[in-house]
Amino acid sequence: MSVKGIRTALPVILGVLAAAPSFASQRFAHPLPRDKTGVVLTLPAKYPTNWAFLDYASERIEIRDVGDDSRRVIGEVQARDSTTMLIPKDRPEFYTADTVWSRYTRGTRTDYITVYDKRTLDPIGEIVLPGRKRALITAQQGMFEFTDHERLGLVFNFTPAASVTVVDLVHRKVLGDVDIPGCALIFPSGRIGFSTLCASGTVFSVKLDAAGHVVSHSESKPFNHLGHNPLFTASTMIDGVRYFVTMKGDVQPIDMRHAAAKVLPSWPLVTPAERAAHWRPSGWQLVSSDAQGELYVLMQAHAHEGTQKDAADEVWVYDVATKQRLRRLRLVRPGSSIALTHGAKPTLLVQADRRLDVYDPETGALIRSLGLPGLDTRLSIEPVR
Amino acid sequence: MADFDQLTEKVLRGFASRTSRRSVFSVLGGMLAGAASVPLLPVARADGRSAAENPNSGERTPVYSGNPQDPGDQTRCDYWRYCAIDGSLCACYGGSVNACPPGTEMSPICWIGTCRNPADGRNYIVSYNDCCGGILWGRCNCQRNEGDRPVVRAQNNNEITWCFGVKSQSYTCTVSVILGAEPEKK
């Protein structure tokens with residue numbers, strides 16, 4: 001086309017372009033309504049049981065819908081270092097324990113509990129923890145726990161001297177500290193109190209009064225073989241009994257219903273043939289349970305020293321009453337952390353690298369898979385109760 | 001153990017002072033050239049170089065000790081000293097295998113692992129000291145757990161932030177310091 005031709009055609013082209021919106025507006029007779037500004041969503045006071053809290057250790061805590069194919073993010077709260085959370089069943093708030101520095105990685109250190117409103121996710125309160133001693137360990141079970149029907153919070157400290165700070169969560173104040181030399185992590189026991197696992201291979205139990213003072217304490221005989229077959233510290237509760245598994249494939253139940261934890265007889269997860277094939281528990285949050293008393297354990301074949309925190313290929317399910325294995329679920333991707341949701345029809349959540357896979361716990365069928373963008377380290381999963 | 005440490009340090013320092021990195025490579029190169037003549041073709045040499053060693057690749061540069069008794073890329077998780085590490089490798093943050101990056105502080109309290117050196121077949125006691133107070137941004141994450149035990153046995157646990165006795169407990173990266181070799185069996 002010559003320059004003159006272009007000049008002739010240009011008005012026609014522009015006319016067509018100018019007419020285009022009018023064709024579109026014929027299709028859509030009315031413009032979109034004006035949006036309201038300043039809208040901030042809120043959440044229901046009682047969260048549905050198909051939601052789960054996901055703790056990206058030291059990055060963020062995310063609430064996700066794991067029960068719907070929308071797989072949507074419900075909301076997030078901040079997390080800076082070794083952040084752990086406590087989600088009360090009935091109170092309209094939840095808690096995170098965290099540590100920050102006034103100049104990001106330097107400056108004054110502050111350990112604190114944040115109180116969040118469940119409906120708005122607004123921080124509505126704060127409890128500063130004294131002594132700058134909160135344990136900075138990859139976020140895991142046993143670092144921040146409830147006792148006394150969720151009235152008191154217990155925070156594990158490690159400097160490396162070990163202690164527990166007792167906090168009144170309702171009145172938002174620190175009650176005091178309990179030294180637990182040579183022991184680690186918190187496992188609630190009795191009505192008010194806790195037990196802790198010790199380097200001597202024992203479990204040490206502390207009974208508290210309502211003011212958080214020590215009433216009595218007791219210690220079991222050594223049972224935890226820390227060198228060659230230690231308990232993983234991840235555990236799950238069934239009817240007041242806490243079930244741990246060991247590195248080489250045994251179950252160690254500990255009765256937590258009374259002030260003094262009682263070590264119950266251990267039993268094997270594996271047959272002699274499976275033990276010889278080096279089937280062992282492995283992963284991070286590697287055990288879970290359901291309301292029927294079934295115990296779920298991440299299991300790995302050909303395990304050896306150094307693979308104990310690797311992702312596992314299968315989940316094995318046990319009836320703890322009969323100590324029998326009920327089924328084996330083969331995962332589509334190796335999983336590191338597991339949890340069961342608490343609804344009428346539970347699902348099995350499995351963190352596998354940067355995915356959260358949702359399985360039918362009866363059939364082992366994969367239902368859906370959620371992306372976990374930005375997950376670089378361990379994930380702790382807490383489904384809504 | 002202290003005598004052995006001093007002897008090891010003396011031997012290694014002597015070796016290092018007498019032997020330049022280039023001379024080690026020249027000796028190795030001579031041996032390789034003698035062993036195989038086919039790879040001398042330019043195409044074969046180009047293919048034999050890893051992407052990371054290509055200065056135009058944009059990838060992380062490998063870091064070697066230059067000592068054949070201490071083999072491996074110190075920016076990679078499979079380097080032998082990292083057998084019980086869980087964290088970020090300081091060699092990727094401006095530090096080295098056994099030195100913290102500038103602007104950080106090394107914690108004197110640490111956890112301990114035992115790693116087998118594939119070159120000399122000895123088991124070495126390695127201390128994993130955390131470097132603290134700098135920026136952590138996820139480069140060179142490395143998780144290996146040989147000999148790792150739950151936090152109940154703290155000295156063998158690699159999930160703890162071992163930033164104690166330092167100004168800031170904010171974690172940056174981890175170094176792997178040889179404390180000594182397992183005594184020889186008589």
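Taken together, the values in this text are just the output of simple stated rules run on the coordinates, not laboratory data. From a predicted model like this one, the values you see are computed outputs, not experimental measurements. Virtual Cβ from ideal backbone geometry, glycine too; neighbours counted across all protein chains shown.
Protection proxy ranking of A:57-67, A:124-134, by the mean of other Cβ atoms within 10 Å over each peptide's residues and highest first, is A:57-67, A:124-134.
In chain A, a dipole from Cβ-located charges (positive for Lys and Arg, negative for Asp and Glu) runs towards its positive end, and of A:153, A:256, A:182 it is A:153 whose Cα lies farthest in that direction.
Cross-link reach is defined here as a Cα-Cα straight distance under 19 Å, omitting same-chain residues fewer than 8 places apart; for residue A:221 the aspartates and glutamates meeting it are A:250, A:255. Taking θ as phi - 60° and the Karplus parameters 6.51, -1.76 and 1.60, the scalar couplings of segment A:110-124 work out to 10, 9, 7, 9, 9, 9, 10, 6, 5, 6, 10, 6, 7, x, 10 Hz in sequence order, x denoting glycine and proline. Look at the stretch B:157-168: the mean tally of other chain Cβ atoms within 10 Å of its residues' Cβ atoms is 5. For residue A:176, the residues 5 or more places off, or on other chains, whose built amide H falls under 5 Å of its own are A:166. With angles folded into 0 to 90 degrees, how steeply does helix A:3-27 sit against the dominant principal axis of chain A? Use alpha carbons for both and round to 10. On a 0 to 90 degree scale, this one is about 60. Between the residues A:363, A:232, A:222, the greatest Cα displacement towards the positive end of the dipole of chain A, with unit charges on the Cβ of Lys, Arg, Asp and Glu, is found for A:363. In terms of the Cα gyration tensor, with a ≥ b ≥ c the square roots of its eigenvalues, is the protein assembly as shown rounded because a/c is under 1.5, prolate because a/b exceeds b/c, or oblate? Oblate shape, in that a/c is at least 1.5 and b/c is the bigger or equal ratio. Cysteines in the protein assembly as shown lacking any other cysteine Cβ under 4.7 Å from their own Cβ: B:110. This model, with +1 at the C-beta of Lys and Arg and -1 at the C-beta of Asp and Glu, gives the protein assembly as shown a dipole about its Cα centre of some 1080 debye.
Helix content alone sets the calculated 222 nm mean residue ellipticity of chain A: runs of n ≥ 4 DSSP H residues at -39500 (n - 2.57) each, divided across all residues, give -2500 deg cm²/dmol. By the count of other C-beta atoms within 10 Å, a proxy for reagent exposure, B:171, A:243 are ordered fewest to most as A:243, B:171. Of the listed pairs A:118/A:323; A:118/A:173; A:118/A:248; A:46/A:323; A:207/A:309, which have alpha-carbon separations greater than 30 Å here? Check vs 30 Å cut-off fails for A:118/A:323; A:118/A:248; A:46/A:323; A:207/A:309.
In this structure the amide hydrogen of residue A:238, modeled in the peptide plane, comes within under 5 Å of the amide hydrogens of A:243, none closer than 5 places in sequence on its chain. Whole-Hz Karplus values for segment A:374-385 come out as x, 6, 10, 9, 6, 10, 9, 10, 10, x, 5, 8 Hz, taken residue by residue from phi with 6.51 cos²θ - 1.76 cosθ + 1.60 and θ = phi - 60°; glycine and proline positions read x.
Phi angles of segment A:138-145 translate, via the Karplus equation with coefficients 6.51, -1.76, 1.60 and θ = phi - 60°, into HN-Hα couplings of 3, 3, 7, 4, x, 8, 8, 9 Hz per residue; Gly and Pro are given as x.
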